[in-house]
Amino acid sequence: MELDRRKQLILRAIVTDYVDTAEPVGSERLAENPDFHAKSATIRNEMAALAALGYVIQPHTSAGRIPTDKGYRFFVDRLMTEDRTRQRLRPNRLHAELDEILHQTCRILSSLTHCAAVATLPERRENTIQVIHITSVTATRSLAVAILNSGEVISRIVELEESLPASAITALSNLFHESLAGRTPAEVRSVSINLPNEMHGLSNAATRIFSALAEALTPEPDRDAIIEGATQVLREPEFRSEVRRERLLEALENRREILESLRSMETSHAAGSAAEGTRGDVVVTIGSENRREGMRDYSFVMTRYRVGIHMTGSVGVFGPTRMAYQRAVPAVRAMGVMLGDLLTQLAVEP
């Protein structure tokens with residue numbers, strides 16, 4: 001059944017008021033709104049109709065109404081006007097390490113939305129190795145460093161059986177760079193490192209360095225997520241319940257449920273704007289829509305960011321279903337674009 005204009009106005013007002021106050025919204029309160037031009041009894045009848053249609057519920061007798069997941073979905077898809085007035089912050093270019101950039105992005109996103117912000121590292125299978133560098137740390141320890149075109153820096157300490165002169169370390173560094181630069185991390189294990197005759201005495205060291213780099217560069221199936229602003233969620237009235245707080249803290253600790261939720265949303269993102277829950281380039285999953293049962297107390301707003309032409313990671317926010325979607329959607333979209341632009345610029349800089 002299509003909602004008429006008055007019902008849409010009332011639903012919009014209930015969602016907006018409830019997001020701001022975390023209190024059920026009564027007909028008397030809405031009757032004070034001059035936009036409705038209706039008495040409290042008329043609005044009460046419209047609210048009862050919205051409840052019958054599943055858009056709102058009455059949490060207890062004599063209380064006002066609060067939105068259901070269906071009500072939030074209608075609001076996001078049909079009624080929401082995005083609030084773009086606060087999208088003015090950018091990650092600090094002075095900190096160019098990938099992890100720090102993602103942490104900064106999440107901190108900014110959390111401050112803009114008052115939700116927890118989450119970002120995943122770029123997927124290595126779509127990246128290439130830009131630089132391999134090997135240097136001495138001690139007489140028998142070397143540091144092997146790989147820099148990807150996404151800006152990610154991967155390093156490992158390698159224990160050597162014997163001390164090597166600086167000239168030998170430099171020769172190995174040049175050899176590994178020439179052999180691996182331009183390849184994807186997934187291709188590394190299939191590469192043969194051919195030592196020239198004058199370097200055969202370095203075969204043991206080369207084997208150890210290659211093993212360390214191959215292990216470090218192997219794509220991880222369950223790569224961790226960076227999360228900032230979890231306390232923003234814990235402060236919300238919905239999480240005064242000890243049971244709900246414990247469930248949230250458990251999800252934050254092991255992160256698997258959060259990562260699986262993001263992967264499910266990435267599938268919707270890849271399907272494009274025709275996919276359910278997709279608002280342009282941003283995917284919104286509300287409460288019971290989440291495929292992960294343990295995440296159905298929360299809403300997620302997510303987008304994918306690009307490094308160059310490749311979609312490589314995700315960034316977004318999550319919080320209670322009583323979320324300010326009109327602020328979260330444009331904030332996530334803006335930060336996804338800014339993050340991709342910054343990482344692309346870093347990837348092509350010398």
When residues of the range 192-206 are limited to those that are loosely packed, with under 10 Cβ neighbours inside 10 Å and assigned to a helix (DSSP H, G or I), the one modelled with the lowest pLDDT: His200
Odd one out for Glu23 among (1) modelled with pLDDT under 90; (2) assigned to a loop (DSSP other than H, G, I, E, B): (1)
Test: residue in the range 209-232 that is touching a Gly at 6+ places or on another chain (Cβ under 8 Å) and under 30 Å from Glu246 (Cβ atoms): yes
Residue in the range 236-249 that is nearest to the chain's Cα centre (by Cα), counting only those that are touching a residue at least 40 places away in the same chain (Cβ under 8 Å) and assigned to a helix (DSSP H, G or I): Leu248
Pair list, Cβ under 6 Å, 6 or more apart: the range 41-54 residue farther than 12 Å from Leu30 by Cβ, other residue hydrophobic (A, V, I, L, M, F, W, C): none
Failed item in (1) within 23 Å of Pro122 (Cα to Cα); (2) modelled with pLDDT of 75 or more, with Thr321 passing the rest: (1)
Residue check for Glu152: within 27 Å of Arg306 (Cβ to Cβ) and under 37 Å from the mean Cα position of the chain (by Cα): yes
Among (1) modelled with pLDDT under 95; (2) farther than 30 Å from Leu342 by Cβ, the one test that Glu97 misses: (2)
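The values are calculated or read from the model by the stated rules, or taken from the named source; none is laboratory data. What you see is a predicted model, and the numbers here were worked out from it, not measured in a lab. When we count neighbours, we look across all protein chains shown, and the Cβ atoms used for this are built from the backbone with ideal geometry, even at glycine.
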